[in-house]
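Engineer: Please see the structure below; I have some questions.
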Amino acid sequence: FLLALFTMAVRETLDPDMWWHLRTGEYILQEGLPRQDIFSFTVPDHAWVTHEWLSQLFMWLVYQVGGLPGLIVVFAAIITLT
């Protein structure tokens, strides 16, 4: 059963924000938590609460070790085990 579930969970991501999350995780690792929106062109000094900081950092670390395939496998394992 778990193998079947894992097989169904291993797929390319459809989340358009995934790259945003990865870049934010990289920034957090290098600079710490951002206080303002560092990616905004129109309102660069706007306050930003990075409420997903821990998952973004985790995603970046996994991506550094295993790339996109590693990220897909880790998230498939998380889906399978929960």
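Engineer: Of a type outside the set (Gly, Ala, Ser) and in contact with an Asp or Glu (Cβ under 6 Å, 6 or more places away or on another chain): which single residue out of Trp53, Trp19, Trp48 fits that description? Break it down into steps so the answer makes sense when it comes.
Structural biologist: Details: Trp53 fails: in contact with an Asp or Glu (Cβ under 6 Å, 6 or more places away or on another chain); Trp19 fails: in contact with an Asp or Glu (Cβ under 6 Å, 6 or more places away or on another chain).
Just one listed residue meets the conditions, Trp48.
Engineer: Right, here's the next one. With respect to Arg23, is the statement that it is at pLDDT 90 or above, at negative phi and surrounded by 13 or more Cβ atoms within 10 Å (Cβ to Cβ) true? First the steps, then the outcome.
Structural biologist: Numbers: at pLDDT 90 or above: yes; at negative phi: yes; surrounded by 13 or more Cβ atoms within 10 Å (Cβ to Cβ): yes.
So Arg23 fits the description; yes.
Engineer: Can you spot a residue in the range 5-20 that is at pLDDT 85 or above and on the phi > 0 side of the Ramachandran plot?
Structural biologist: no
Engineer: Which residues, taken from the range 66-80, are over 14 Å from Met18 (Cβ atoms), in contact (Cβ under 8 Å) with a residue 60 or more places away in the chain and aliphatic (A, V, I, L, M)?
Structural biologist: Taking the range 66-80 first, the residues over 14 Å from Met18 (Cβ atoms) are 66, 73, 76-80.
Checking the rest, the ones that are also in contact (Cβ under 8 Å) with a residue 60 or more places away in the chain come to 73, 76-77, 79-80.
Val73, Ala76, Ala77, Ile79, listed by residue number.
Engineer: Oh, and also: Could you list, ordered by first residue, the pairs with Cβ atoms under 6 Å in which the first is in the range 1-28 and farther than 14 Å from Leu68 by Cα and the second is of a type in the set (A, V, I, L, M) and part of a helix (DSSP H, G or I), at least 6 apart or interchain?
Structural biologist: Pairs found: Phe6/Ala76; Ala9/Ala76; Ala9/Ile79; Gly25/Leu57; Gly25/Met59; Ile28/Leu57.
Engineer: Of everything in the range 42-65, what is part of a helix (DSSP H, G or I) and free of Cβ contacts under 8 Å to residues at least 12 places away in the same chain? Give them in sequence order. Full working, then the answer.
Structural biologist: Keep residues of the range 42-65 that are part of a helix (DSSP H, G or I), which gives 53-65.
Within the range 42-65, Leu54, Gln64, Val65 meet the criteria.
The values are calculated or read from the model by the stated rules, or taken from the named source; none is laboratory data. This structure is a prediction, so every number in the text was calculated from the model and none was measured. Glycine gets a Cβ as well: all are built from the backbone with ideal geometry, and neighbour counts include every protein chain shown.
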